[in-house]
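Okay, structure first, notes after.
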Amino acid sequence: MDILSATTQAQPQYGVILTNPPLPLETPEHSQLEIGFGNGEFTVQYAEAHPKVMLYGVEISQACVLKCARRAAGLGNLRILNTDARYMLREVFRPESLERIFMQFPCPWSSNKQAHRRVTAKDFSDGLASVLRVGGAFEMLTDDEPYSLEVREVLGRHEALELSAYEVNPKRAITTKYERTWLEEGKNIYRVEFTKRAKFAAERRTVQEMHIKINRQVSGQDLEALRNVEGKEGAKTFWKFGRAFSDGESCLLETLTSDDEFMQEFYIMIIPRDGGTLLRLDKTAKAFLTPAVRAALSDSAARLDEGR
């Protein structure tokens, strides 16, 4: 599955899933985003209630994408993507392209080992601040008071964000099933809102191209030796090579990478060039040039250059 696709068969049927869109997206003037929309109940109701807004939804679960798409079939102002917002927010959206971002009851990831998954992780908050326009707002709802306080404190210190609201059990025109259930059970709901008060830019990490030239020609035996070879950098960057396919001249090498569980599958293209060999990403693969992808390309070149 492509990292930005749910299923190509679903798009004609439901009309709201963005499959392999050009990135970054060209968004209309009034564009908003919901991150992690679950079954899409709030998402669809919000889009229906705000017909002048183009609402985008990003969700990592393919099952949830399809549930939301079924609810939204034919809705003209909703577009959804199946990807990981933690990593792809600044890659999908242009700087200052969104007027509002929502998160409804995200997992608080309470373990210290999972801190990088929280809204308070700097990489994520920088992405939020980058894609929001000045005056735009980020809103998070949670039933976890410690998490709400952490978000209020940490994002409140961000150079471009300013706390604009902190409410307990806010009155909202559109709610989710879980929210209504929790309120009926007497649980508190916490709403935290931040406004972008100054310009801020976070560099996109996947716009560059990359190729490597080695000074020897590569044989089928060299490529077979790479099959199932794995590599790792630190605790979060991993890659693995698979089968190689050849047309008698150039070759494609199956490659799997993971950046902090952000998975991509693609081919490395291996082409004879001027007595040596050129390695680059296959341009049809639409892989994003993440640290793991860079490492995989460098590792394959180093191993082939040494004939191992």
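Taking Cα extents along the principal axes in Å straight from the coordinates, which label in [x] 109, 34, 33; [y] 49, 46, 36; [z] 69, 42, 36 is the correct one? Correct label, based on the coordinates given: [z]. Potential lengthening of the chain between ARG273 and ARG180 amounts to 27.1 nm, from the contour at 0.36 nm per residue minus the alpha-carbon distance.
Helix 122-131 and the long axis of the chain differ in direction by around 80°, with both axes built from C-alpha atoms. Qualifying trypsin sites (Lys or Arg not before Pro) in region 226-295, where qualification requires a DSSP coil assignment and no more than 14 other C-beta atoms within 10 Å, comprise ARG227, LYS236, LYS283.
Available extension along the chain between ALA115 and GLU261 is 51.2 nm, counting 0.36 nm per residue and deducting the alpha carbon span. Taking the Cα centroid of region 12-62 and of region 90-107, what is the distance between the two, rounded to the nearest whole Å? Spelled out, the Cα-based centre of one part sits 11 Å from the other. Couplings 3J(HN,Hα) of region 56-62, computed from phi: 9, x, 10, 9, 7, 8, 5 Hz, in residue order, whole Hz [Karplus 6.51 cos²θ - 1.76 cosθ + 1.60, θ = phi - 60°; x for Gly and Pro].
Among the listed pairs LYS240/LYS283; LYS113/LYS199; LYS122/LYS236; LYS67/LYS177; LYS122/LYS196, those whose Cα-Cα separation exceeds 23 Å are LYS113/LYS199.
Coordinate-derived values only; no laboratory data. Worth saying up front: this structure is predicted, and the values here are computed from it rather than measured. Backbone-built Cβ (ideal geometry, glycine too); neighbour counts: all protein chains shown.
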